[in-house]
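Since every read-out is calculated from the coordinates, none of them should be taken as a lab result. Note that the structure is a prediction, hence the values are computed from the model and not measured. Because the Cβ atoms are built from the backbone with ideal geometry, glycine has one as well, and the counts that use them run over all protein chains shown.
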Number of protein chains: 2
Amino acid sequence: MNIFGEIIHDRRSVRDFEERAVPLSVIKEIIADACEAPSAGNRQPWGFVVIVDRDMMKRLSDESKTRLLEDESVIRSPLLRMYRGILKDEQHNVFYNAPCLVYITGPKRFHSTSADCSLAASYFMISAALRGLGTCWVDLGSYIRDPGLLEEIGVPDNHRIIAPVIMGYPKNIPERPQRKEPRIFKIIG
Amino acid sequence: MNIFGEIIHDRRSVRDFEERAVPLSVIKEIIADACEAPSAGNRQPWGFVVIVDRDMMKRLSDESKTRLLEDESVIRSPLLRMYRGILKDEQHNVFYNAPCLVYITGPKRFHSTSADCSLAASYFMISAALRGLGTCWVDLGSYIRDPGLLEEIGVPDNHRIIAPVIMGYPKNIPERPQRKEPRIFKIIG
């Protein structure tokens with residue numbers, strides 16, 4: 001239909017990136033686009049942490065994997081359970097070789113934080129795709145619990161991490177995965 | 001930058017609609033676009049309920065308002081507390097005069113349901129905007145608890161409502177609300 005129709009059809013979650021860095025000016029443009037998302041009561045409650053330091057990314061990956069393996073919800077979640085092998089592999093970095101990681105955070109006490117920050121993440125990922133950048137929402141990288149580490153990366157006490165999004169210039173773009181037919185349970189009227 | 005940049009800048013949450021119906025074929029196209037959203041583990045867990053019957057919308061509005069007023073979380077949430085006047089007003093329909101309401105639902109037991117369905121809602125609302133349609137995510141309309149009513153509208157037992165999105169041709173489009181400067185807590189690297 002138009003460039004949005006194309007971009008949403010063609011955008012893939014990317015996990016394999018070129019070495020080159022994403023310019024900070026571009027990261028900031030994409031964050032500005034993310035802030036155009038709607039939010040409950042127009043509170044725009046999101047905050048951002050930008051990490052382009054690979055050592056820090058590795059530390060965050062290790063922390064998140066450790067916490068996930070301690071977390072009983074992993075046992076209850078079929079999807080997280082599926083990832084247990086990866087979580088136990090010390091070599092595996094959940095952020096892959098991405099040159100950039102952006103954490104989208106929101107207030108712990110807002111009931112709408114998950115929805116608001118997910119909408120912002122969606123705008124972020126589409127904006128990145130339109131700039132030739134690949135992204136992937138890496139849920140496995142969100143389980144940062146160490147207060148010292150959270151402070152070090154600048155997440156305020158009253159915020160929690162909703163969306164860890166890796167970003168970079170794609171080296172490999174996966175094939176379009178199989179799509180289910182839309183499930184419309186009922187049409188009333 | 002391009003049509004996405006324009007649409008995300010210009011899209012407003014719309015709560016005042018023309019009388020005319022949205023063709024079902026258009027609703028289905030928008031739902032198909034929503035299903036292009038990424039999801040955790042590519043599970044595409046979303047389902048949709050389309051309601052174009054205004055009596056049913058009124059019943060759903062009444063049920064949601066009643067449940068919200070019973071709900072202790074309303075007391076804890078400053079935003080929901082702000083809406084208590086509206087919730088107590090019997091004449092107020094939380095779906096306004098929208099000719100169409102779409103519930104986006106997801107599995108209760110998936111830890112990613114809120115994020116997945118929010119991403120789908122984002123794609124849904126942008127796709128609608130590109131077709132000249134107004135939308136608004138009406139959180140106040142999501143609190144449907146009556147099992148009989150949930151069954152009547154086709155929400156399966158194992159699903160919960162994440163995003164109630166009203167849609168129609170805009171009669172009035174609000175001014176762009178004030179935007180905060182993006183809050184980048186820290187740049188590391």
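General observations
- Residue check: residue A:154 meets all listed conditions (1) touching a Lys or Arg at 6+ places or on another chain (Cβ under 6 Å); (2) over 29 Å from residue A:8 (Cβ atoms); (3) more than 8 Å from chain B (Cβ to nearest Cβ) but one, namely (3).
- Screening the stretch A:14-83 for helices (runs of 4 or more DSSP H) wholly inside it with 2 or more residues that are away from chain B (no Cβ under 11 Å) returns the ranges A:24-34, A:54-70, A:72-76.
- Cβ-Cβ contacts under 7 Å between residues 6 or more apart (or on different chains), taken from a first residue in the stretch A:116-138 that is facing another protein chain (nearest Cβ under 9 Å) and within 24 Å of residue B:163 (Cα to Cα) to a second residue that is assigned to a helix (DSSP H, G or I) and acidic (Asp, Glu), are listed as A:123/A:33; A:127/A:33.
- Residue check for residue B:83: among the aromatic types (Phe, Trp, Tyr) and farther than 21 Å from residue B:170 by Cβ: yes
- Considering the stretch B:123-151, and only residues there that are in contact with a strand residue (DSSP E or B) (Cβ under 9 Å, 6 or more places away or on another chain) and among the polar types (S, T, N, Q), the residue that is surrounded by the fewest Cβ atoms within 10 Å (Cβ to Cβ) turns out to be B:142.
- Those residues of the stretch B:54-77 which are in contact with a helix residue (DSSP H, G or I) (Cβ under 9 Å, 6 or more places away or on another chain) and of a type outside the set (A, V, I, L, M, F, W, C), in sequence order: B:59, B:61, B:63, B:64, B:65, B:66, B:71, B:73
- Residues of the stretch B:1-13 that are at the interface with another protein chain (Cβ under 7 Å from one of its Cβ atoms) and farther than 30 Å from residue A:15 by Cα: B:13 alone.
- Residue that is nearest to the other protein chains (Cβ to nearest Cβ) [pool: residues in the stretch B:157-189 that are loosely packed, with under 12 Cβ neighbours inside 10 Å and among the basic types (Lys, Arg)]: B:180
- Of the helices (runs of 4 or more DSSP H) lying entirely inside the stretch A:84-173, the ones with 2 or more residues being under 16 Å from residue B:118 (Cα atoms) are found at A:113-130.
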